[in-house]
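A short reminder: the numbers here are calculations on the coordinates, not readings from a lab. Source: prediction; values computed, not measured. Here the Cβ positions follow ideal geometry from the backbone for every residue, glycine too, while neighbour counts run over all protein chains shown.
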Amino acid sequence: MGGVVPGGAKPELNKTGSWRSLRPMWDEEKCIQCLQCWMHCPDGSIEIKEEKVTGVDYDHCKGCGVCAGICPVDAIDMVPEGGAECAR
């Protein structure tokens, strides 16, 4: 059977970010690297490298807000998709 990927055969076709109405904005300066956002993200959209958060995969993030809700230091804000805040 090989080659089967959860959610479909071609991950590039499963970009679900366009469904989002709210966008998580991660503040690197506030982040304490506890990785709670990464552990709880149902879409696996929190990007990490060498055990540190590096950003958000907006192609697959659906904007559920779990990451913002679990963050103990409010390093993630949910902002309206397409708003001026998204430009940063």
Q. For LYS52 and ASN14 in the same chain, what is the full-extension length gain: residue separation times 0.36 nm, less their Cα-Cα distance, in nm?
A. 11.1 nm
Q: For a label point 7 Å from the Cα of ASP43 along Cα→C-beta, name the residues of the stretch 51-76 whose backbone N is under 13 Å from it.
A: 56-68
(Q) List the residues, sorted by chain then number, that are 5 or more residues from MET25 or on another chain and whose placed amide H is less than 5 Å from its amide H. (A) ASP77, MET78, VAL79
Q.
Give me, ordered by chain and number, the residues 5 or more places off GLU47 or on other chains with an amide H under 5 Å from its own placed amide H.
A. THR54, GLY55, VAL56, ASP57
Q.
Taking loop as defined by DSSP and a crowding limit of 12 other beta carbons within 10 Å, which GluC sites (Glu not before Pro) in the stretch 16-61 fit?
A. GLU28, GLU29, GLU50, GLU51
**Q.** Length gained when the stretch SER21-GLN33 is fully extended (0.36 nm per residue, less Cα-Cα span)
**A.** 1.7 nm
